[in-house]
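Below: one structure, written as structure tokens.
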Amino acid sequence: QLQLVESGGGLVQAGGSLRLSCAASGRTFSSEVMAWFRQAPGKGREFVGISWSGLVTYYADSVKGRFTIIRDNAKNTVYLQMNSLKPEDTAVYYCGGGLGGGSRYRHDSYHYWGQGTQVTVSS
């Protein structure tokens, strides 16, 4: 099993920055595909970004150039650095791990999730 705990959400003004953390335990973290998703009120869980094979990352077009995934395998933690935040980034952010057989860009391909952390961006 993989346990995930997110932290770092909060309220920020548009244009500001936040760093989310996802601390993992229970499995060999360095080999895990770790992904960030978000869910705004009334919407489905949306892919944000992903980290695999150590340094490889990929982002949704909506956050590319503004968000960065940073992975610290020594601390079993993956971070989501969010810059130039916009009101449309407001959502609950989740980290996911334990990728199954489906697409790594779909939330239902992951077996393990953190509890989520709220990010609210005011205009």
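For the chain, the Cβ-based charge dipole about the Cα centre amounts to some 80 debye (Lys, Arg positive; Asp, Glu negative; other atoms uncharged). Normalised per residue, the accessible area of region 32-123 is 47 Å², obtained with a 1.4 Å probe and no contribution from ligands, DNA or RNA.
Whenever you get a sec, compute what percent of the accessible area on the chain sits on carbon and sulfur atoms (1.4 Å probe). Taking all protein chains in place, the chain shows 49 percent carbon and sulfur surface. With the simple model of a label 7 Å out from the Cα in the direction of the Cβ, Gln115 to Asn83 spans 3.1 nm. Among 33-45, 102-114, sorting by the average number of other beta carbon atoms lying within 10 angstrom of each residue, highest first, gives 33-45, 102-114. Length gained on full extension, Ser25 to Ser103, computed as 0.36 nm times the residue gap minus the Cα-Cα distance: 25.7 nm.
The order of the peptides 86-96, 3-13 by mean Cβ neighbours within 10 Å, most packed first, is 86-96, 3-13.
Region 34-54 and region 63-123 have Cα centres separated by 5 Å.
The values are calculated or read from the model by the stated rules, or taken from the named source; none is laboratory data. Worth saying up front: this structure is predicted, and the values here are computed from it rather than measured. Virtual Cβ from ideal backbone geometry, glycine too; neighbours counted across all protein chains shown. In case anyone asks, the SASA skips ligands and DNA or RNA and just uses the protein heavy atoms, side chains included. Shrake-Rupley method; radii C 1.70, N 1.55, O 1.52, S 1.80 Å.
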